[in-house]
Structures are given as structure tokens and as C-alpha cells.
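Quick notes on the structure that follows.
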Amino acid sequence: MFKEKLSLVPHSNGCYIMRNINNTVIYVGKSKNLKNRLTSYFRGSHTGKTAKLVREITNFEYIITATEMEALLLELNLIKKYNPR
């Protein structure tokens with residue numbers, strides 16, 4: 001489903017934003033390696049809340065940061081801005 005888009009994600013620090021069919025932000029996260037983290041959502045099987053989240057994702061975007069600390073601060077600001085459930 002997201003194979004081509006995932007192939008473009010870099011192995012960098014950053015934040016990612018998951019959206020549902022209504023383009024509503026449903027999850028915000030951070031990672032030291034965006035490619036590995038985002039790929040992990042769409043490969044293999046999940047249980048519980050993660051499985052429900054993955055079923056709802058229709059699009060994602062990411063923002064590259066210079067450091068892990070910058071990613072952490074950006075994540076906090078994005079959570080405040082979008083208030084995902």
C-alpha cells in the first residue's frame with residue numbers, strides 16, 4: 001500500500017504524522033531512524049492498539065530533524081498542535 005512512499009523515507013532523525021481517511025491526524029511519533037520506524041508499521045502483524053492504528057492509516061508524512069532532541073521537541077509541538085487521540 002505504501003511501498004513506494006516508504007522507499008523514499010531516509011534513515012534520519014525526525015517525526016512522523018499518521019492520517020486517516022478524513023485527513024485527520026491520528027498519531028504523531030518520533031524516531032532516530034524514520035525509515036525503520038515507518039516500515040515497521042506496515043510490515044508484519046500487530047495486536048491491540050497498534051493493529052487498530054495501522055488499519056486506520058491512509059497517509060503519512062515525515063519531517064527530518066538534525067538531532068534526536070530536535071525530534072523530541074518537534075514531536076511535543078506537533079502533539080499540541082494536532083491533539084491526536
Next item on the list: Leaving ligands, DNA and RNA out of it, report the carbon-plus-sulfur percent of the accessible area of the chain at a 1.4 Å probe.
Entry: 53 percent
Next item on the list: Which order do the peptides 56-65, 3-12, 74-83, 24-33 take when ranked by the mean count of other beta-carbon atoms within 10 Å per residue, highest first?
Entry: 24-33, 56-65, 74-83, 3-12
Notebook entry, point to check: Accessible area per residue, 1.4 Å probe, Å², for the chain: what's the number?
Noted result: 66 Å²
Next item on the list: Take the Cα gyration tensor of the chain, multiply each eigenvalue by 5, square-root it, and list the three semi-axes largest first, rounded to whole angstrom.
Entry: 19, 16, 11
Checklist line | Separation in nanometres of the label points that stand 7 Å from Cα toward Cβ, at Leu6 and Lys81 | finding: 2.6 nm
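The values are calculated or read from the model by the stated rules, or taken from the named source; none is laboratory data. Just so we're clear, the structure is a prediction, and the values are computed from it rather than from any experiment. Every residue, glycine among them, receives a Cβ derived from its backbone with ideal geometry; neighbour counts consider all protein chains shown. Keep in mind that these areas ignore ligands, DNA and RNA; they rest on the heavy atoms of the full protein, side chains included. Shrake-Rupley method; radii C 1.70, N 1.55, O 1.52, S 1.80 Å.
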